[in-house]
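J.: What follows is a single structure, and I will ask about it in a moment.
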Amino acid sequence: MTDRAPNGGLLNLVGVDVHYGDFQAIFGVSLALAEGETVAVLGANGAGKSTLLKAVTGMLPITAGDVRYTGRSLRGTPAHRRVGMGIALAPEGRRLFSTLTVEENLLVGGHRARPGPWNLQSVYELLPLLRPLRKRRASVLSGGEQQAVAIGRALMSNPRLLLLDEVSLGLAPIVVKQLYAALPAITASGATVLVVEQDMRQGMAVADRVHCLLEGRTVLDAHVSQVTAEQVANAYFGSITDAVR
């Protein structure tokens, strides 16, 4: 099933392969995001979701295909330059600076930020749980608090493309609900969002489009209005035999 954003969108992955040494993790994946979309990349643990985000950010090199951003190939563009171009990642595992305070972690994200709406004040307004914690070291925060800091840190760079990796992983459902409640304000600010999720229903609830991976290959790419939860579950668990292009 295919309902792709057109070529010339904000982000286009074209036939992308990614390897870890001799091990191939991503096989010929093509994915497109139009400006202003929210796309959820769904799949079980080990499906290649986080690897795909690392290919977009430049943390991992691609071994075939191309990653194009605003129509320009990112091949050879280092990760720090991609941040300056408007690509920001809230990584799996949060990866905060544990000895720094909440506010210091946010300020790191704002180093060499692009012009835009996000600063300390607007991040605290979006994620109000952080304001009373702003002088607390990241190492003593709960998992949900750390995730909020990771999202806020990414926003501080004023991204045009925001990548969210496993927002819900290991968190209580009420915390996940609170974090995802911030997503409409993020997209309203002008950001396009690519979110990686293991939680199929959560991904479908927040996204315009879903892109399912199974063992590093695309098995479903469609608008959420055009697929049922059963169809997505079949793709997620490998109950269908044909890749969906």
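Any read-out appearing in this document is the output of simple, stated calculations on the displayed coordinates, not a laboratory observation. Everything numeric here is computed off the predicted structure, so don't read it as measured data. Cβ: placed from backbone, ideal geometry, glycine included. Neighbour counts: every protein chain shown.
J.: What residue among HIS223, HIS111, HIS211 shows peak mean-square fluctuation when the chain is described by a Gaussian network model with Cα springs under 10 Å?
T.: Per the Cα network of the chain with a 10 Å cutoff, HIS111 tops the list.
J.: Which is farthest toward the positive dipole end of the chain among PRO78, GLY216, VAL206, measuring Cα position about the Cα centre, with Cβ charges +1 (Lys, Arg) and -1 (Asp, Glu)?
T.: Positive-end residue among those listed: PRO78.
J.: For the chain, give the share of DSSP beta bridges that are antiparallel, in percent and rounded to the nearest 5; count only bridges with both residues there. Numbers along the way, then the final one.
T.: On the way: 21 of 39 bridges.
Roughly 55 percent of the beta bridges in the chain run antiparallel, per DSSP.
J.: Still on this structure, I have one more. Within 10 Å of each residue's Cβ, count the other Cβ atoms and sort GLU104, GLU230 from fewest upward.
T.: Details: GLU104 15, GLU230 9.
Lowest count first: GLU230, GLU104.
J.: Next up: Determine Rg/Rh for the stretch 39-101; Rg is computed over alpha-carbon atoms and Rh is the Kirkwood hydrodynamic estimate from the same atoms.
T.: Values: Rg = 13.3 Å, Rh = 13.3 Å.
Across the stretch 39-101, the Cα-based Rg/Rh ratio is 1.00.
J.: Which lysines does LYS135 reach when only Cα atoms under 21 Å apart count, and residues fewer than 8 places away in its own chain are ignored?
T.: Those lysines meeting the cut-off do not exist here.
J.: Oh, and also: Tally the DSSP beta bridges in the stretch 58-192 and give the antiparallel ones as a percent, rounded to 5. Before the final figure, lay out each step's value.
T.: Values: 3 of 8 bridges.
Expressed as a percentage, antiparallel bridges in the stretch 58-192 total about 40.
J.: Among LEU13, GLN121, ILE26, whose Cα lies farthest out toward the positive end of the dipole of the chain, if unit charges sit on the beta carbon of Lys, Arg (+1) and Asp, Glu (-1)?
T.: GLN121
J.: Assigning unit charges at the beta carbon (Lys, Arg +1; Asp, Glu -1) and nothing else, what dipole magnitude in debye, to the nearest 20, does the chain show about its Cα centre?
T.: For this selection, approximately 920 debye.
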